[in-house]
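Visitor: Pasting a structure here, questions to come.
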């Protein structure tokens, strides 16, 4: 539809109708009957196609008809989808996918991939590596039969410890201890800790604990002189990798962040300069390279014999009980001595002459003419590293002398 531009007598100006201007004498435009009828028919066709009956007095029919035609052209909204009917459906959020409770929404592949398995629902789970399975602390991955069999193949019994020999590092014997490969059950019997190869533990003058062979392994503080340090095998929680740690405590070391599970494997002592005292370790026995003289003392005695006793702190690790290997020397006449645990009963001490009915335990000189004797003792120490030395000794000058050296000890 357009203006009647093809009818010259219509009198259009610039292609549009204009009114008559009496002042200027300009005639107005004429509406050709054919064009006017065509326009009217086109409008009426729209009105009737919209289901309306044309009315000369109703000027809103064209708009109503157009709206009706638009409405009829839009398809009806489909129903909600169900198990038996196609329709509209909403996408589930990740939270709804994880909950697994909604039955009205659909899941996208991405959301499905994020649905993790738990102990109470099925889902997607990663398979743990052998290192993770051996670690025994991850609770979010699953274990394959092969990896489980491999893990159980070296499951350690309660209290187990093997290997882990300690020795002064040849390159730095005064500050570094080497530990041979081995394995141990943690002290709480929850974890297996495996050291696959030699690892060196530094007991350096200062510095924080650092992982890696030869680095500082002291848990807190700085190295001190004349001090016992306990060496622990520890375990990294994330992957079960073994490490070493020195601590003043025999039972409660301060573990580095990320480590859980520990087992004490031995101890070292520093000398007056802070250096580690050399030792020899075979199995659970520790021998000092040079015996340590722990005590030199004296006691007043009579010519007929005087009993006495003293509590001695020996060079063995405190905090644990050990079997000490000691040598005792005494100077006097007819000396008699006995070393015993602090929680044992005292024995009767008497000089032996003639019959030996008075003897109960201990070692002594065989006659009143012996003025010096030395002998070895093995004795159970307490957690304070102490024992009790008993004696009966005579002396013509009123004084008896004794000395005690520690050769080594056995871890129990």
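The values are calculated or read from the model by the stated rules, or taken from the named source; none is laboratory data. In this text the structure is predicted, and so the values were computed from the model without any measurement. Here Cβ is always computed from backbone atoms with ideal geometry, including for glycine, and neighbour counts include all displayed protein chains.
Visitor: I need a count of the residues in region 134-170 that are buried (at least 17 other Cβ atoms within 10 Å of the Cβ), more than 29 Å from residue 124 (Cβ to Cβ) and under 22 Å from the mean Cα position of the chain (by Cα).
Guide: The total comes to 2.
Visitor: For region 383-411, name all the residues that are at pLDDT below 95 and closer than 25 Å to residue 278 by Cβ.
Guide: Within region 383-411, just 403 meets the criteria.
Visitor: Just to confirm my filter: which helices (runs of 4 or more DSSP H) fall fully inside region 9-117 and include at least 3 residues that are in contact with a helix residue (DSSP H, G or I) (Cβ under 7 Å, 6 or more places away or on another chain)?
Guide: Values: elements: 33-49, 61-73, 94-99, 109-113.
Filter on region 9-117 gives 33-49, 61-73.
Visitor: If you scan region 274-306, which residues turn out to be on the phi > 0 side of the Ramachandran plot and surrounded by 15 or more Cβ atoms within 10 Å (Cβ to Cβ)? Before you say what the answer is, go through the steps one by one.
Guide: Just the residues of region 274-306 that are on the phi > 0 side of the Ramachandran plot, to begin with: 274, 283, 305.
Those that are on the phi > 0 side of the Ramachandran plot and surrounded by 15 or more Cβ atoms within 10 Å (Cβ to Cβ): 274, 305.
Visitor: In the list 45, 21, 37, which residue meets the criterion of being at pLDDT 90 or above and surrounded by 10 or more Cβ atoms within 10 Å (Cβ to Cβ)? Step through it out loud before you land on a result.
Guide: Working: 21 fails: at pLDDT 90 or above; 37 fails: at pLDDT 90 or above.
Going through 45, 21, 37 in turn, just one is at pLDDT 90 or above and surrounded by 10 or more Cβ atoms within 10 Å (Cβ to Cβ): 45.
Visitor: In region 246-273, what count of residues is obtained for those that are under 23 Å from the mean Cα position of the chain (by Cα), closer than 22 Å to residue 207 by Cα and surrounded by fewer than 18 Cβ atoms within 10 Å (Cβ to Cβ)?
Guide: Looking only at that region, the number is 8.
Visitor: With the condition kept exactly as written, say whether any residue in region 108-119 is surrounded by 12 or more Cβ atoms within 10 Å (Cβ to Cβ) and more than 23 Å from residue 141 (Cα to Cα).
Guide: Scanning region 108-119 turns up at least one residue that is surrounded by 12 or more Cβ atoms within 10 Å (Cβ to Cβ) and more than 23 Å from residue 141 (Cα to Cα).
Visitor: Right, something else. Only one of (1) modelled with pLDDT of 85 or more; (2) part of a loop (DSSP other than H, G, I, E, B); (3) surrounded by fewer than 13 Cβ atoms within 10 Å (Cβ to Cβ) fails for residue 173. Which number is that?
Guide: (3)
Visitor: Kindly evaluate residue 117 against the criterion of being within 30 Å of residue 185 (Cβ to Cβ) and touching a strand residue (DSSP E or B) at 6+ places or on another chain (Cβ under 8 Å). Break it down into steps so the answer makes sense when it comes.
Guide: Working: within 30 Å of residue 185 (Cβ to Cβ): no; touching a strand residue (DSSP E or B) at 6+ places or on another chain (Cβ under 8 Å): yes.
It is false that residue 117 is within 30 Å of residue 185 (Cβ to Cβ) and touching a strand residue (DSSP E or B) at 6+ places or on another chain (Cβ under 8 Å).
Visitor: Specify which of the listed residues (123, 87) is in contact with a strand residue (DSSP E or B) (Cβ under 9 Å, 6 or more places away or on another chain) and either assigned by TED's automatic domain parsing to the domain that holds residue 184 or surrounded by 12 or more Cβ atoms within 10 Å (Cβ to Cβ) (or both). Quick ask: steps written out before the conclusion?
Guide: Numbers: 87 fails: either assigned by TED's automatic domain parsing to the domain that holds residue 184 or surrounded by 12 or more Cβ atoms within 10 Å (Cβ to Cβ) (or both).
Sole residue among the options that is in contact with a strand residue (DSSP E or B) (Cβ under 9 Å, 6 or more places away or on another chain) and either assigned by TED's automatic domain parsing to the domain that holds residue 184 or surrounded by 12 or more Cβ atoms within 10 Å (Cβ to Cβ) (or both): 123.
Visitor: It is to be established whether one or more residues within region 311-324 are assigned to a strand (DSSP E or B) and over 20 Å from residue 409 (Cβ atoms).
Guide: The first filter runs over region 311-324 and keeps only residues assigned to a strand (DSSP E or B), leaving 311-313, 322-324.
Those left that are additionally over 20 Å from residue 409 (Cβ atoms): none.
No: region 311-324 contains no residue that is assigned to a strand (DSSP E or B) and over 20 Å from residue 409 (Cβ atoms).
Visitor: Residue check: is residue 156 closer than 30 Å to residue 245 by Cα, free of Cβ contacts under 8 Å to residues at least 60 places away in the same chain and not in a loop (DSSP other than H, G, I, E, B)? Step through it out loud before you land on a result.
Guide: Values: closer than 30 Å to residue 245 by Cα: yes; free of Cβ contacts under 8 Å to residues at least 60 places away in the same chain: yes; not in a loop (DSSP other than H, G, I, E, B): no.
No; evaluated as a whole, the condition is false for this residue.
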